[in-house]
Amino acid sequence: QRFYAPGEEEIDKVLRVGLVVVDTNVLLSLYRFQPKARDELLLVLKQLGDRLWIPHQVGLEFHQNRFAVIAGQENFFAKTWDELQKSANEYIQKFHAFCNRIAVTQDEVRKLVKGIEGAHKAIANEVSRAENLNEVHLDNRDSDDILRRLEALFANKVGYHMDADQLKQAREEAQKRIASKVPPGYMDRGKPDPSGDYIIWKQLKQEAAKRQVP
């Protein structure tokens, strides 16, 4: 089977005039990023202007998963700290066992363990610093600045939902593709809504065709 490869001119055209559609996880990642990285991503998206657009399905998935991602990010720091502490303790225990086996002097052991603990402390401080910078919490979700900025960014840039018949046909087609392992979306068969990626693809193709852009 031969595959079509676009030339440099076609690639250049897409980059200059093409419709740019972000996946749901790109939007949800804004709740995971540190403020500086978040600002950089939002700035890049803003610079796309009217070329930026999301299908209705992306917006739907974003709102369905937003609270879970916020809660997961809140728990992420404590979970990371616990895992790092456990790993550090195990590392030091193994190091002690190694030193005992080959009779390393106690002074040398203490010096090396101090270095290990110093490195661990530096990493722990970085985790703590990142946690302090995380301003996204479930208890302040009603004043969610990320949501506010996204609403401004995507004003008039969200597609309409499919009507009942279109949605039914799209879900049926998605199931056929999953059964036949035809992309896009067949690898989402284990998700709560395995037809989501196909619906996104269908909606973005319709928008690109309407605009007559790649």
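The values are calculated or read from the model by the stated rules, or taken from the named source; none is laboratory data. Every value quoted in this text rests on a predicted model; they were computed, and no experiment measured them. Cβ atoms come from the backbone with ideal geometry, glycine included; neighbour counts cover every protein chain shown. Ligands, DNA and RNA are stripped out before the accessible areas are found, and what is left, the full protein with its side chains, is counted by its heavy atoms. Shrake-Rupley method; radii C 1.70, N 1.55, O 1.52, S 1.80 Å.
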* Asked: In nm, to one decimal, how far is the modelled label at ALA37 from the one at ALA164, with both set 7 Å along Cα→Cβ?
  -> 4.4
* In units of 2.2 N^0.38 Å, what is the alpha-carbon radius of gyration of region 113-158? -> 1.94
* What relative contact order, as a whole-number percentage, does region 104-214 give when Cα pairs under 8 Å and 6 or more residues apart are counted? -> 14
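How big is D, in µm² s⁻¹, for region 2-97 by Stokes-Einstein at 20 °C and 1.002 mPa s if Rh is the Kirkwood radius over C-alpha pairs?
On the way: Rh = 17.2 Å.
Stokes-Einstein gives a translational diffusion coefficient of 124 µm²/s.
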* Once both labels are modelled 7 Å past Cα along the beta-carbon direction, what's the VAL17-SER128 spacing in nm? -> 5.6
* Structure fact -> Residue separation between SER180 and ALA208 times 0.36 nm, minus their alpha-carbon distance, gives in nm 7.5 nm
* Compute the convex hull volume of the Cα atoms of the chain, divide it by the residue count, and report the result per residue in Å³ as a whole number. => 228
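Mind pulling the per residue volume of the convex hull built on the Cα atoms of region 1-52? Å³ is fine.
On the way: hull volume 6.1 nm³, N = 52.
Residue-normalised Cα hull volume stands at 118 Å³.
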* **Fraction of accessible area attributable to carbon and sulfur, region 106-156 (%, probe 1.4 Å)** => 50
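Would you mind classifying region 71-187 by shape? Square roots of the alpha carbon gyration tensor eigenvalues, ordered a ≥ b ≥ c; an a/c under 1.5 is rounded, otherwise it is prolate if a/b is larger than b/c and oblate if not.
oblate
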* Asked: Taking only C-alpha pairs under 8 Å that are 6+ residues apart, what is the relative contact order of the chain in percent?
  -> 29
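Just to verify a number: FRET efficiency for ASP139 and HIS63, C-beta to C-beta distance, R0 = 25 Å, to 0.05?
Details: r = 19 Å, r/R0 = 0.75.
The computed FRET efficiency comes out at 0.85.
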* To do: Please calculate how many Å² of accessible area the chain carries per residue, with a 1.4 Å probe and no DNA, RNA or ligand atoms counted.
  => 69
* **Label point distance in nm, TYR91-ASP107, each placed 7 Å from Cα along Cα→Cβ** => 2.6
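Taking the Cα centre of the chain as origin and charging only Cβ (+1 Lys, Arg; -1 Asp, Glu), how large is the dipole, in debye to the nearest 20?
On the way: 33 positive and 32 negative charges, 98 e Å.
The calculated dipole for the chain is roughly 460 debye.
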